[in-house]
1. Which whole-angstrom value gives the distance between the alpha carbon centres of the range A:305-320 and the range A:124-199?
2. Quick one: A:Thr322, B:Thr135, A:Thr41, A:Thr383, fewest Cβ neighbours within 10 Å first, how do they rank?
3. Specify whether the C-alpha gyration tensor of the range A:117-195 places it in the rounded, prolate or oblate class, a ≥ b ≥ c being the square roots of the eigenvalues: rounded for a/c under 1.5, otherwise prolate if a/b is larger than b/c and oblate if not.
4. Run the quick spin-label model on A:Phe129 and B:Val116: label points 7 Å from Cα toward the beta carbon, then report their separation in nm to one decimal.
5. Cβ neighbours within 10 Å, averaged per peptide: list A:298-307, B:76-85 in order, most packed at the top.
6. Roughly what angle does helix B:31-60 make with the longest principal axis of chain B, taking Cα atoms, 0 to 90 degrees, to the nearest 10?
7. If you take each beta carbon of peptide A:177-184 and count the beta carbons of other chains within 10 angstrom, what is the mean?
8. Using the Cα gyration tensor of the range A:299-442, with a ≥ b ≥ c the square roots of its eigenvalues, what is the shape: rounded (a/c below 1.5), prolate (a/b larger than b/c) or oblate (neither)?
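Computed from the coordinates by the stated procedures, all read-outs in this text should not be read as laboratory data. As the structure is a prediction and not an experimental result, all values here were calculated from the model. Note that each Cβ is placed from the backbone with ideal geometry, even for glycine, and that neighbours are counted across all protein chains shown.
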Amino acid sequence: MLMHNLVVGLGIAFQPGNLLAALLGTAGGIVVGVLPGLSATMAIALLLPVTYATGPIAGLVMLAGIYAGAIYGGSISAVLIGTPGTGASVVTVWDGYPMTKRGESRLALETVTWASFFGGILGGLVLLFLSPPLAELALLFGPPDYTALVLFSMTLLVSMSGDEPVKGVIIGLFGCLIGTIGLDPVYGVPRFTLGFAELSGGISFISVLIGAFSIPQALLLAASALKERTVTAVAPIIGNERVTLSRMREQLLNGLRSSAIGIWIGILPGIGPETSPFIAYEEAKRFSKHPERFGTGNVDGLVAAEATNNATVGGSLIPLLTLGIPGSAAAAVYVGALTMHGLQPGPMLFAQRADIVYTLFIGYLICNCMMLGLGLGGVRLWTRVLALPKAIVAILIIVFSMVGSYAIRNSLLDLWVTVIAGGIAYVLAQHRFPLGALALGMILGPILEENLLRSLALSQNSWLIFVQHPISLVFLVLALGSLAWSLRKARLRSQGRLRVGPKTTVGESMD
Amino acid sequence: MRRQLGDLFVSLAFIAVSATFLALTFGISDPNATLLPRMLSWAVLAFSCWYLVSTLRARLHRHAPVVEEGVDLVHFLAVMGLALVYIPAMTFGGYLAATAVFIVAAVYLLGYRRFVVLLPLSLCVTLLIFIVFKTFMYASLPSSALDNWITELIYRYVLS
């Protein structure tokens, strides 16, 4: 069955239209990633409406390319200007920029490109081979198990907000609350519609996401345009040293370990490619014979950071496709693309639309190969993006997000929702509320409600059903453990006793 | 001081919104339909109160809250105001005119003054988005006589 689906996926993925979508998505993702302040999540949200024109398969492949390309693109600016293009390349600056200052920018760029490719391909292969058995396992889940799984995922919201877990919890729960506007999913009773018929179907999840992830980043870019009137100085790509086969062999173990960490972090709901490089970097340092060289322009550190963040992308798609639970904020927005085309992520997607799922798997691997080619061949072109006037880019993002939001349903209400959500999201991001938790909350809220109500209907309103089912009991125990771990971590971090892990910045808040 | 007020404002806004949601649940007769919304409203309300108290405590201890750097309030309000005006402008004046004017005005507001670049760019981008959304996505963007005339030209000379 797997072989049959693989052949079908290969056949569809290599159709010219889908290859073009992969190329455009990956190139577009790199452009967005190179520009500091713009994130992969924003790029996916912004281009959601465009997938209407491309159809579901090409659209989903294009968005996967954007995700992979943006995470890689962030490392180019991290190496050449010392500013991470996305939250996922913060760690890349630590060793990439010192190498550039030493006159080894060519080696640094080639290293990040190969490491990103390696991590991306490994993540893609794990996605391809682990997802089908996981989806089969997920078919055994009943409503109480799903309820407990969503609760477990929600406890991970706590870990998204660094040393201020309460902010992640508030905004995540608020996202769930927004998700309850409209008819309830089981009994069809209207809630919070205030008499407006348009609200019976709920607030457009996609319009909120487009606004919440595009407008704040456009405003940040605007701030940067107002502050810096000069064009960013980009270091030249110089140096005689190149990535060789022997260098690759030396880094194989480091790359494998970092990719494995990335994939695992990606699978965990709520933790994305912004977190994994910190952990992989510390691990690479711990295993290194020369830990003192980390942070001074060390190839080991660069490989660890880049292999892991690209591996996380593939990992984050595993829970999304098999369980319908997104592994990162960008994956949460990806749910929007699936639902826009009438596809419900989860185990039934494998049973009903295996063609789409396997084309996406193969397409994702193709995107990573294209990323390697575009990275090695076009790096000088990508650095030119940094010369674009930020004020123009900022306003174009706002225009595109507004027109895109309107075009989905030709609804002016969606347009108002986008602008208002964007303004509110900007204020929240300024106060370090992790917007990724909002996206996860909006996805998880309706799933939680539907399964909670179904469970209670099955058990005739007995809450004991959640501890009587073994799978649900396991997830509840995991939820408690995860909550305790996240709270302890936050406490240690606020006391300054925990150094590993990202410090939330505004860019990361938006991821 | 302004940043501390901002934190207080955000926590109070969450309290007000969650309290409103909570109050609205009491107007719904079906207990199943209110189960999760009520639980969530209580939870958001409780955590927002905790956030308010911790903000006030930080204020007492004069700990400055960490707020990210971003666009200043005047520019934030100006860009958001323009975006809000853009929606009715698009409805009355059509997509093309409203978008071209919005791009020029907003970019100018952000300090970019090279009109030689800005004017042709705004026209090109406006037209490009128009063509993409109109012809590939079949979106019915708000239209005026100008939009209708250009749509006709596109269909007659470009897509025929």
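1. First find each Cα centre; the distance between them is then 20 Å.
2. Working: A:Thr322 26, B:Thr135 15, A:Thr41 30, A:Thr383 21.
With the sparsest Cβ surroundings first, the list reads B:Thr135, A:Thr383, A:Thr322, A:Thr41.
3. Values: a/c = 2.41, a/b = 1.42, b/c = 1.70.
Oblate shape, in that a/c is at least 1.5 and b/c is the bigger or equal ratio.
4. The answer from the label model is 5.9 nm.
5. So the order, starting with the most tightly packed, is A:298-307, B:76-85.
6. Its long axis makes an angle of about 80 degrees.
7. On the way: counts 11, 3, 3, 10, 2, 0, 1, 8.
Per residue, the average neighbour count from other chains is 5.
8. Numbers: a/c = 1.57, a/b = 1.05, b/c = 1.49.
Oblate, since a/c reaches 1.5 and b/c is not below a/b.
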